[in-house]
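Data block below; observations after.
The values are calculated or read from the model by the stated rules, or taken from the named source; none is laboratory data. It should be emphasised that the depicted structure is a prediction, and the values quoted were computed from it without experimental measurement. Cβ sites come from the backbone with ideal geometry, for glycine too, and all protein chains shown count toward neighbours. Areas reflect the complete protein model, heavy atoms only, side chains present, ligands, DNA and RNA absent. Shrake-Rupley method; radii C 1.70, N 1.55, O 1.52, S 1.80 Å.
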Amino acid sequence: MFCGATWLRVDLYPEFLEILAAAKGLVAGRRFFLWRGEHESEPEGVDFSFRPVVSEKLVERTLDKNACVLCTQRISYKRGQFSPQHPSQPYLMLVHNDFLGPRGGIYQNSEEDSLFGRMVERVLGFAPAEALVREVLRCHFAAEHLTNADLLQNCFSHLRADIEHYGIKGILLFGKAASLVFPDKAKLESMQGQVFEWQGVATTVCAGPGRLVYMREKGFAKEAIDAERQKIFAALTTFKEKIIGGV
């Protein structure tokens, strides 16, 4: 159990929680070669939980008066998800990061982030930052909780508030975010590039940049990668022509 010292500044809790979440993800994913001393315990046995020295409610109020307290399974908040934004375009892009650190972009993976920005700007004509971009799940949760429908419903209450507050005219659901909202793979595949109403707003689903990065890393044939890229551009083009063009 990690225990905060009495001098630990409450305003630094978010970064500390992000560090713990990152360490837990690295150990669980075994994404690195790990040296372990003969008498050291297995890294999987390390307890990455954290109990603040002051009450959790006080921490939440101190960090962000707008932060949500609906989900008891929450590990930590994803940065900026409850902060006011100033989009110049009335569109909402929903994404999902398993881990989103304090220095991450829209996507924590820098290659995915760069690819995402290029493909959106190339087709839609504006950068993602000009629209409203939110995580479909605004907090970090353990992997086994990600399919909990109650968590999504709690987040959707904030989503609907954003739709009303920012006058959202269209929604783009990308990659993992779309998979969480529509877990039926066959249904999700049939929705690719289609326009449908969701949360009262015209919506399109589109594969995320992680799909292309994954295919490259796994050595997929160039033809398969190009075909996937064309599907992404086709979905974005549909959004531009039928939703942006229809506003």
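Some observations on this one:
- Annotation: the antiparallel percentage among DSSP beta bridges lying fully within segment 79-243 is about 20.
- Heavy-atom accessible area order for MET93, MET191, largest first, 1.4 Å probe: MET191, MET93
- Computed with a 1.4 Å probe over protein heavy atoms only, the accessible area of LYS240 comes to about 90 Å².
- Put ASP113, ASP98, ASP47 in order of accessible area, highest first, and with a 1.4 Å probe you get ASP98, ASP47, ASP113.
- Karplus 3J(HN,Hα) series, Hz, for segment 124-139 with 6.51 cos²θ - 1.76 cosθ + 1.60 (x for Gly, Pro): 7, x, 8, 6, x, 5, 7, 9, 8, 10, 9, 7, 5, 10, 7, 10
- Taking all protein chains together and rolling a 1.4 Å probe, ILE163 ends up with roughly 20 Å² accessible.
- Whole-angstrom gap from segment 184-247 to segment 67-142, using each part's C-alpha centre: 17
- About the centre of its Cα atoms, segment 110-167 shows a dipole size close to 140 debye [charges on the beta carbon of Lys, Arg (+1) and Asp, Glu (-1) only; nearest 20 debye].
- Within segment 78-100, backbone nitrogen closer than 20 Å to the virtual label 7 Å beyond the Cα of LEU188 toward Cβ: 92-100
- Filter on LYS222/LYS242; LYS176/LYS242; LYS169/LYS218; LYS187/LYS231; LYS78/LYS169 - keep pairs with C-alpha separation over 27 Å: LYS222/LYS242; LYS169/LYS218
- Working from the Cα coordinates of segment 116-247, the gyration tensor eigenvalues give, after taking √(5λ), semi-axes of 23, 20, 14 Å in decreasing order.
- With every protein chain in place, segment 72-113: carbon and sulfur % of accessible area (1.4 Å): 46
- Mean accessible surface per residue for segment 109-222, computed with a 1.4 Å probe while every protein chain stays in place, in Å²: 48
- Annotation: amide H-H contacts under 5 Å for VAL133 (H modelled 1.01 Å from N, sequence separation of 5 or more, or interchain): MET93.
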